[in-house]
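Participant: Can you read through this structure? Questions will come right after.
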Amino acid sequence: MKTLLIVPPDVSAIEPFSSSPGIKGQLKFIKGFPLGLGYIAAVLEKHNIEVEILDAQVKGLGIEDIIKYIEKSSPKIIGITTLTANIKTAVEIARRVRLADKGRITVFGGPHAMYDYENLLNHYAVDFIVYGEGEFIFLNLLKALESGSPPAQVKGVIYNENGSIRWNKGEIFVDDLDRLPFPARGLTDFNAYLKHFTHNLSCAAQILTSRGCPYKCAFCSSGNTFYKWRGRSPKNIIAEMKDIIDKFPGVKSFSFMDDNFTLDHQRVFEICRLIIRTGLNKYPWDCLSRCANLNEDLLLLMKEAGCIRIHYGIESGSTQILENISKRIDLGEAKRVMALTKKSGIEAYAFFMVGNPGESDASIKKTVEYAVSLKPTYMNWFVTQVYPGTRLAELQPQRDWVKYVYEPEIKNPSIYTHPCVPVFSPEGFDREMLKREVAGIMRLFFWLYLPRNFRKWISKFFRHPLYSLWYIKNILFQ
Ligand code: B12
Ligand code: SF4
């Protein structure tokens with residue numbers, strides 16, 4: 001059963017958004033290899049199912065290009081990965097596929113479709129939605145469709161049967177991640193991602209060494225669903241790194257994309273020791289971690305193993321806001337970890353948010369003061385947006401996520417918000433006010449950090465001149 005897996009394009013692929021000045025430039029997201037689809041494709045290949053991946057974002061394809069590709073390739077099954085930011089184009093592809101009426105079946109998966117399943121199945125042209133980690137659920141669905149057995153027997157699949165939503169609930173996790181084949185990077189023009197990944201690292205390959213997160217921050221869907229943390233074995237991770245280097249010599253560094261790379265300290269010690277022992281520490285890498293509970297021994301070993309940067313989600317300098325979003329970090333501890341990270345020779349990157357429940361002028365001021373005293377190597381600030389499956393979405397529900405688009409932003413796009421995703425509006429603030437707050441804070445820190453980071457920024461400028469110019473222009477003039 002020939003299967004095509006698609007990363008849908010951003011909203012600028014749809015009229016009337018494509019004729020809006022600036023929108024395409026503004027939605028210049030870092031384009032990463034779609035690990036989820038890569039894993040699914042690898043499992044299908046292992047079971048001798050013919051599969052292709054079409055990443056419309058990295059290829060810069062519009063809806064018509066995708067439809068033409070589908071006609072030419074003629075898959076029976078079309079699997080689409082969904083983020084809220086791209087749900088509009090995902091639904092448009094499904095609509096066009098159903099309109100053409102060639103008997104193709106459309107399956108959605110990913111962090112948007114999982115939560116918005118009722119709306120998508122009742123009002124849009126989606127045949128099936130996979131709830132959870134899709135590798136084996138999707139495989140089982142394909143097998144059922146192939147053999148003509150009823151989809152009701154497949155656990156983890158949701159569909160609409162004559163107006164009723166059917167869901168045979170099942171296990172949503174892949175328990176033993178070492179069982180999975182490595183993502184099918186070869187099914188894409190993988191080198192294109194190395195150019196696109198405009199990160200601090202040059203030519204970085206993204207790897208996932210663990211899945212899940214035991215925390216439950218109010219703005220994030222990861223911890224709510226994938227609450228069971230599972231780590232791959234160090235041996236398995238090293239084997240993937242070697243496999244990537246063998247197959248794609250253009251790779252010069254790695255990005256560990258796990259929600260929380262350092263959750264299991266013992267595992268990180270072992271990964272780092274193995275990286276050093278195999279000589280892979282000549283490849284720099286970065287990761288994400290909670291800003292808590294890291295010690296000097298671990299950080300020094302991470303540094304020796306090639307870690308150049310750790311991203312920390314701090315979110316707020318107000319303990320009340322942290323409590324409101326269930327962040328469960330201690331600001332004093334965060335300061336200790338931040339200082340220790342820098343002392344170990346690793347860059348410490350902090351993320352902050354503006355607009356969480358209970359936010360006020362006073363809490364924003366507190367967060368700015370805290371950020372100044374924290375002295376991270378770099379930082380980035382975001383306006384809080386509401387995603388399905390989160391506690392914020394319960395506080396500010398949407399009637400139809402697919403229809404949501406903030407029209408003023410289409411005409412005048414911002415880098416601090418995505419136009420297709422609603423903003424959480426705490427009492428006393430609206431979207432435009434929050435955007436102005438974040439823009440002001442980013443400008444403040446740009447000037448404050450200019451002397452300290454001048455040399456680093458110049459070097460980044462020469463590596464990514466166009467991206468740097470675009471970024472600076474946005475920071476200074478938004
Ligand atoms: C790596 C990452 C990125 C990377 C790369 C994205 C990519 N192309 O893979 C970068 C940095 C580019 C990125 C950017 C953004 N990201 Co991001 N990102 C992640 C992160 C940390 C890991 C994604 C991943 O690889 N997961 C591992 C794989 C195995 O899981 P998966 O992709 O979910 O796929 C599995 C299942 O969902 C399912 N599945 C998925 N698709 C499909 C399709 C079919 C047909 C089937 C059957 C199953 C299926 O099966 C897969 C295998 O098990 C996640 C958090 C997370 N833990 O997932 C956030 C996350 C996906 N990102 C998020 C967001 C908001 C964004 C941005 C919009 C942020 C922004 N404001 O700029 C942008 C949008 C980018 C874009 N171009 O559209 C949110 C999405 C929430 C939502 N409802 O949309 C997440 C969930 C973070 C969070 N918890 O809030 N991101
Ligand atoms: S924000 Fe990070 S720590 Fe919080 S639930 Fe999401 S992944 Fe976990």
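What follows is calculated from the coordinates using simple rules that are stated; it is not laboratory data. Every value quoted in this text rests on a predicted model; they were computed, and no experiment measured them. Glycine gets a Cβ as well: all are built from the backbone with ideal geometry, and neighbour counts include every protein chain shown.
Participant: Please list the three semi-axes, largest first and in whole Å, of the ellipsoid equivalent to the chain, using sqrt of 5 times the eigenvalues of its alpha carbon gyration tensor. Intermediate results must be reported in sequence, preceding the final value.
Facilitator: Values: eigenvalues 242, 151, 98 Å².
Here the semi-axes work out to 35, 27, 22 Å.
Participant: Now for a separate question. Please express the shape of the stretch 210-258 as an equivalent ellipsoid: the semi-axes are the square roots of 5 times the eigenvalues of the C-alpha gyration tensor, given largest first in whole angstrom.
Facilitator: On the way: eigenvalues 168, 33, 8 Å².
Taking √(5λ) for each eigenvalue gives 29, 13, 6 Å, largest first.
Participant: How high is the relative contact order of the chain, in percent, with contacts defined as C-alpha pairs under 8 Å that are six or more residues apart?
Facilitator: Details: 848 pairs, mean separation 60.8, N = 478.
The normalised contact order for the chain reaches 13 percent.
Participant: With N residues in the stretch 238-350, what two-decimal value do you get for its Cα radius of gyration over 2.2 N^0.38 Å?
Facilitator: Numbers: Rg = 15.2 Å, N = 113, 2.2 N^0.38 = 13.3 Å.
In units of the 2.2 N^0.38 Å rule of thumb, it is 1.14.
Participant: Give me the net charge of Lys282's neighbourhood, meaning all other residues with Cβ under 14 Å from the Cβ of Lys282; Lys, Arg count +1, Asp, Glu -1. All intermediate terms of the calculation are to be shown ahead of the outcome.
Facilitator: Numbers: positive: Lys242, Lys252, Arg277, Lys303; negative: Glu304.
Once all neighbours under 14 Å are counted, the net charge is +3.
Participant: Let me ask something else. Convert each backbone phi in the stretch 300-312 into a coupling constant with the Karplus relation 6.51 cos²θ - 1.76 cosθ + 1.60 (shift: θ = phi - 60°), then list the ³J(HN,Hα) values in order as whole Hz, x for Gly and Pro.
Facilitator: 5, 5, 4, 4, 4, 7, x, 5, 10, 7, 10, 9, 10
Participant: While we're on this one: How long, wide and thick is the stretch 98-218, going by the Cα atoms along their three principal axes, in whole angstroms, largest first?
Facilitator: 51, 39, 32
Participant: Work out the FRET efficiency for Glu64 and Lys169 from their Cβ-Cβ distance, taking R0 = 30 Å, and round it to the nearest 0.05. Please report the intermediate quantities before stating the final value.
Facilitator: Details: r = 38 Å, r/R0 = 1.27.
So the FRET efficiency works out to roughly 0.20.
Participant: Now, a different point. Mind jotting down the distance between the C-alpha centroids of the stretch 426-460 and the stretch 208-284, whole Å?
Facilitator: Centre-to-centre distance over Cα atoms comes out at 30 Å.
Participant: Can you tell me the dipole magnitude for the stretch 227-266 around its Cα centre, using point charges on the Cβ only (Lys, Arg +1; Asp, Glu -1), in Debye to the nearest 20?
Facilitator: Working: 7 positive and 6 negative charges, 18 e Å.
Result for the stretch 227-266 is approximately 80 debye, rounded to the nearest 20.
Participant: On to the next question. Return the inverse of the average 1/r over all pairs of distinct C-alpha atoms in the stretch 1-89, which is the Kirkwood hydrodynamic radius, in Å to one decimal.
Facilitator: Numbers: mean 1/r = 0.0723 Å⁻¹.
Every distinct Cα pair counted, the radius reaches 13.8 Å.
Participant: Going down the table (Lys88/Lys335; Lys282/Lys366; Lys2/Lys235; Lys216/Lys366), which pairs top 30 Å between alpha carbons?
Facilitator: Those over the limit are Lys88/Lys335; Lys282/Lys366; Lys2/Lys235.
Participant: Working from the pairwise distances between different alpha carbons, so that the mean of 1/r is found and then inverted, what is the stretch 3-168's Kirkwood radius in Å?
Facilitator: Working: mean 1/r = 0.0620 Å⁻¹.
Its Kirkwood hydrodynamic radius stands at 16.1 Å.
Participant: Going by C-beta contacts inside 10 Å, put Ser360, Ser459 in order with the fewest on the left.
Facilitator: Values: Ser360 15, Ser459 9.
Exposure proxy ranking, most exposed first: Ser459, Ser360.
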